[in-house]
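Structure record follows, encoded as structure tokens.
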Amino acid sequence: MRDIPLLASGGRLPGPYDALPAEFTPGLLKSDYIACYIYCYENSQPGLATQMTTDTLSDLGVLFLGSRMKRLGDRLQTEAAAILQAIDLPIQPAQQPLLAVLDREGALTVGAIAQHLRMSQPTATRALQALHEQGLVEVSKEGRDQRHKRLSLSSAGRDLISRLQRDLWPRVETAAIELCGGRHHELMAAIAAVEAELDRRSLADRVLAPAVTLRDFDDDLAESFYRINAEWIQEMFALESNDIDLLSNPRERIIDKGGAILFAATRDLGVVGTCAIIKAQDGWYELTKMAVSKSARGRKIGEVLLQQTLQRARVMGAAGQLYLLTNTKCAAAIHLYEKFGFRHDTEVMRRFGARYERCDVAMRYAA
């Protein structure tokens, strides 16, 4: 064990000097490395940091997931910056992914680079401008249209990428796997799952959307089934005989024949939405009579209702041959159906479209 110099104070902290990488020699020590030294010191004194204060973010758990991940990201970026400086690489940690995209994909527009990295275009523009000023990225133009500027690695950029790939990235990957205790695949899969869920439905939407209770059909809900659907249909169309038959006899026409009806209710408005699955012919099922009361629209209740109805269809074994019929006037509903996996289908239109005079759109669920 040797003393570790802490240059910011001029003092010395006892700690395992050998725990630092070979590049962190006394001749290269700068203020940027202080975090690394504190880390080594704390790890040489078990329990030292935890004896002083509790880790509030850790105690609060998933409630502050974003803050916890930002703290971890900031810590890793700080250490990455120190490593890059120690081995004299003229680049910042956040610039490396942009160079990696250009190395893998070739010349791209700013917008395409932003899409590859799932970052905002203004952020990508600022970062790429810095790389251009450093001489690591070249800009070419297609014709006179500035929107089609394409960026690619310069000769210096290609040299830098080669050095990163040869001298640094393999070692960083090894260290990251060690940090994860060998469970890096599970960690990356968990992160990808969270990102996919955010793409599907934002955190703000999940928090701000009203609490919705889902109920299965019982005879006391028959009147709500008729009222909510009739209200919605008659806003744009006329009730057809098939509508009246289904809405007037939900148990006989839907439930008793192997179908299901779900209802959505809120604390303030009561039952406000319905969605049904009807058992049709030859193993087909129809998703139908999805409607939300006018007083409850704009609360994403239809989205919650559709999601849960599709889950019920999977349980029923109906998802593989599930279709719906609608009209082009229902643009918002069609967009929602597409979002949840329904695709326009001419075969469904041919087989079932004649059930309603208003039907000019037929869709099938891509389970």
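The values are calculated or read from the model by the stated rules, or taken from the named source; none is laboratory data. Predicted, not measured: the structure shown is a model, and the values here were computed from it. Don't worry about glycine lacking a Cβ; one is built from the backbone with ideal geometry, like all the others, and counts go over all protein chains shown.
Only residues that are without any contact (Cβ under 8 Å) to a residue 40 or more places away in the chain and either farther than 21 Å from residue 104 by Cβ or part of a helix (DSSP H, G or I) (or both) were counted in segment 154-164, giving 4. Would you be able to say whether some residue in segment 69-89 is modelled with pLDDT of 50 or more, among the β-branched types (Val, Ile, Thr), outside the structural domain of residue 180 (by TED's automatic domain parsing) and not in a helix (DSSP H, G or I)? Within segment 69-89, one or more residues are modelled with pLDDT of 50 or more, among the β-branched types (Val, Ile, Thr), outside the structural domain of residue 180 (by TED's automatic domain parsing) and not in a helix (DSSP H, G or I). Comparison of 84, 131, 160, 89 shows that the only residue that is touching a strand residue (DSSP E or B) at 6+ places or on another chain (Cβ under 8 Å) and surrounded by 15 or more Cβ atoms within 10 Å (Cβ to Cβ) is 131. Just one residue in the set 112, 94 is out of contact with any strand residue (DSSP E or B) (no Cβ under 7 Å at 6 or more places or on another chain) and over 29 Å from residue 171 (Cβ atoms); that residue is 112. For segment 280-296, a tally of residues being on the phi < 0 side of the Ramachandran plot and not in a loop (DSSP other than H, G, I, E, B) returns 10.
Of the residues examined, residue 354 is one that is among the hydrophobic types (A, V, I, L, M, F, W, C) and out of contact with any Leu (no Cβ under 7 Å at 6 or more places or on another chain). Considering segment 54-65, the residues that are loosely packed, with under 10 Cβ neighbours inside 10 Å and not acidic (Asp, Glu) include one that is farthest from residue 203 (Cα to Cα), namely 54. Answer yes or no as to whether residue 167 is surrounded by 12 or more Cβ atoms within 10 Å (Cβ to Cβ), outside the structural domain of residue 274 (by TED's automatic domain parsing) and outside any loop (DSSP other than H, G, I, E, B). Spelling it out, it is not the case that residue 167 is surrounded by 12 or more Cβ atoms within 10 Å (Cβ to Cβ), outside the structural domain of residue 274 (by TED's automatic domain parsing) and outside any loop (DSSP other than H, G, I, E, B).
Among the conditions (1) under 18 Å from residue 265 (Cβ atoms); (2) free of Cβ contacts under 8 Å to residues at least 40 places away in the same chain; (3) assigned to a loop (DSSP other than H, G, I, E, B), the only one that residue 299 does not satisfy is (2).
Is at least one residue of segment 188-196 surrounded by fewer than 12 Cβ atoms within 10 Å (Cβ to Cβ), more than 30 Å from residue 301 (Cβ to Cβ) and over 24 Å from the mean Cα position of the chain (by Cα)? The answer is no, given that none of the residues of segment 188-196 is surrounded by fewer than 12 Cβ atoms within 10 Å (Cβ to Cβ), more than 30 Å from residue 301 (Cβ to Cβ) and over 24 Å from the mean Cα position of the chain (by Cα). If only residues of segment 352-367 that are without any contact (Cβ under 8 Å) to a residue 60 or more places away in the chain and part of a helix (DSSP H, G or I) are counted, the one that is surrounded by the fewest Cβ atoms within 10 Å (Cβ to Cβ) is 354.
Residues in segment 286-302 that are under 27 Å from the mean Cα position of the chain (by Cα) and surrounded by fewer than 20 Cβ atoms within 10 Å (Cβ to Cβ): 297, 298, 299, 300. Exactly one residue among 318, 296 is among the hydrophobic types (A, V, I, L, M, F, W, C) and modelled with pLDDT of 95 or more, and that residue is 318. Per this entry, residue 254 is counted among residues that are over 32 Å from the mean Cα position of the chain (by Cα) and of a type in the set (Val, Ile, Thr). Residues in segment 303-318 that are touching a strand residue (DSSP E or B) at 6+ places or on another chain (Cβ under 6 Å) and part of a helix (DSSP H, G or I) were compared, and the one that is surrounded by the fewest Cβ atoms within 10 Å (Cβ to Cβ) is 308. Candidates 222, 265, 280: the one that is of a type in the set (A, V, I, L, M), assigned by TED's automatic domain parsing to the domain that holds residue 311 and in contact with a helix residue (DSSP H, G or I) (Cβ under 6 Å, 6 or more places away or on another chain) is 222.
Here is the figure for segment 328-351: residues that are buried (at least 16 other Cβ atoms within 10 Å of the Cβ), in a loop (DSSP other than H, G, I, E, B) and touching a residue at least 40 places away in the same chain (Cβ under 8 Å) total 1. If the condition is being of a type in the set (A, V, I, L, M) and under 22 Å from the mean Cα position of the chain (by Cα), then segment 306-331 contributes 306, 310. With respect to the stated conditions, residue 283 fails to be within 25 Å of residue 338 (Cα to Cα) and either surrounded by 18 or more Cβ atoms within 10 Å (Cβ to Cβ) or under 30 Å from the mean Cα position of the chain (by Cα) (or both).
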